[in-house]
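See structure below.
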Amino acid sequence: MNRLIVIVLFEGVDLLDVTGPPEVFSLVPREATEQGGYEVVLAAETMEPVTTAAGVRILPDATFDEVGARAIDTLLVPGSVEVDSEQRIHPVAEPGTVARVKALAGRTRRVASVCVGAHILAAAGLLDGKRATTHWSTAQRLAADHPAVLVDPDPIFIRQQGEHGEVWTGAGISACLDLSLALVAEDFGESVALRVARRLVMYLKRPSGQSQFSVPLEQVSSTRRVEDLRHHILNNLDRRLTVPDLAAYMHVGERQLTRIFKTELGTTPHAYVESARVERAAGLLETTDDTLERVASRCGFGTVDTLIRAFRRRLATTPSEYRARFRVLRVDLK
């Protein structure tokens, strides 16, 4: 039997959130040795075309009332954002959509959100008391709007067991493919997911703990002094960047420096510096042939052991494993 996957449609939904997962699911029948696969149904309030954030119109396959009468295996909830005149991002969680998701979730084995779709799940009360992730740009908003949700902005997806079934949350838009592969692996096994990934020229799946954190892209501080400090760190990763060193650079006390990091950047000085060093190291592993000793030195880790421990903490992998997965091969054209 095919497992029924219902993807929720609403006006302004992100296009890739909707179209990415079906590309993964559609390949399962080709790669699975056993019969079966997925039936993907796009559901909306009415059968009228839905206009996505990209301006592309999508035709629903069924209404919410129609799919509500069926046994749903997986309810997939995409997301959407609005940007105001000051370029501030606001995740969309329209009450009508939230109510429909809450009702459908009650008859679903598994619920999953893509990107900022987590805000819809949270508004429906489906994430209360659970760890959840979302796109890094709206993670603070998710935590502020829904204190009962344990927001972790770092992983690319998180799987939790809910009261009535599994609840999955995914991070950035492209992470919907990683999440979809993980769903395939759970349903049909790792070998099938691997073959699907190869068809799509993807890695089997990045570990769920793979970080979506990007130091240069994180939320900008509200003060010029802290922005200057951030740039100082990024430009001097191969040097000593202890709390006393950074406090001296800022001309403040060590306790005050720690408070500044907590207030402005939402983390500790040590965690911020380590994240920046891991990101720099990841870039070197992807694009250079530097030895691990050289990478550790260039990024301020000092020793390979320190580099390895930091990678395990931040990315749930080792530098060697990371390079094997994400190495960028260069071809000389003559």
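The values are calculated or read from the model by the stated rules, or taken from the named source; none is laboratory data. These figures come from a predicted structure and were not determined experimentally. A quick note on method: Cβ atoms are made from the backbone with ideal geometry, for glycine too, and the neighbour counts reach across all protein chains shown. We work out accessible area using only protein heavy atoms, side chains counted, and drop any ligands, DNA or RNA first. Shrake-Rupley method; radii C 1.70, N 1.55, O 1.52, S 1.80 Å.
Tabulated data
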| item | result |
| --- | --- |
| Tally, over the stretch 252-295, of residues that are without any contact (Cβ under 8 Å) to a residue 40 or more places away in the chain and not in a helix (DSSP H, G or I) | 8 |
| Residue, farthest from Gln87 (Cα to Cα), within the stretch 129-154, restricted to residues that are open to solvent by 10 Å² or more (accessible area, probe 1.4 Å) and assigned to a strand (DSSP E or B) | Arg131 |
| Boolean, Asp178 is crowded, with 16+ Cβ neighbours inside 10 Å and in contact (Cβ under 8 Å) with a residue 40 or more places away in the chain | no |
| Within the stretch 155-168, tally of residues that are over 22 Å from Ala316 (Cβ atoms) and open to solvent by 20 Å² or more (accessible area, probe 1.4 Å) | 2 |
| Subset tally (residues that are of a type outside the set (D, E, K, R) and either touching a residue at least 60 places away in the same chain (Cβ under 8 Å) or open to solvent by 30 Å² or more (accessible area, probe 1.4 Å) (or both)) for the stretch 239-251 | 6 |
| Filtered residues of the stretch 28-49 (kept if surrounded by 20 or more Cβ atoms within 10 Å (Cβ to Cβ) and in contact with a Lys or Arg (Cβ under 8 Å, 6 or more places away or on another chain)) | Gly37, Tyr38 |
| One residue from Gly125, Gly172 being in a loop (DSSP other than H, G, I, E, B), open to solvent by less than 50 Å² (accessible area, probe 1.4 Å) and free of Cβ contacts under 8 Å to residues at least 40 places away in the same chain | Gly125 |
| From Glu321, Glu264, Glu274, residue being among the acidic types (Asp, Glu), under 24 Å from the mean Cα position of the chain (by Cα), open to solvent by less than 40 Å² (accessible area, probe 1.4 Å) and modelled with pLDDT under 95 | Glu274 |
| Count - residues of the stretch 104-122 that are open to solvent by 40 Å² or more (accessible area, probe 1.4 Å) and among the basic types (Lys, Arg) | 2 |
| Test: residue in the stretch 15-36 that is farther than 25 Å from Ala193 by Cα and not small (Gly, Ala, Ser) | no |
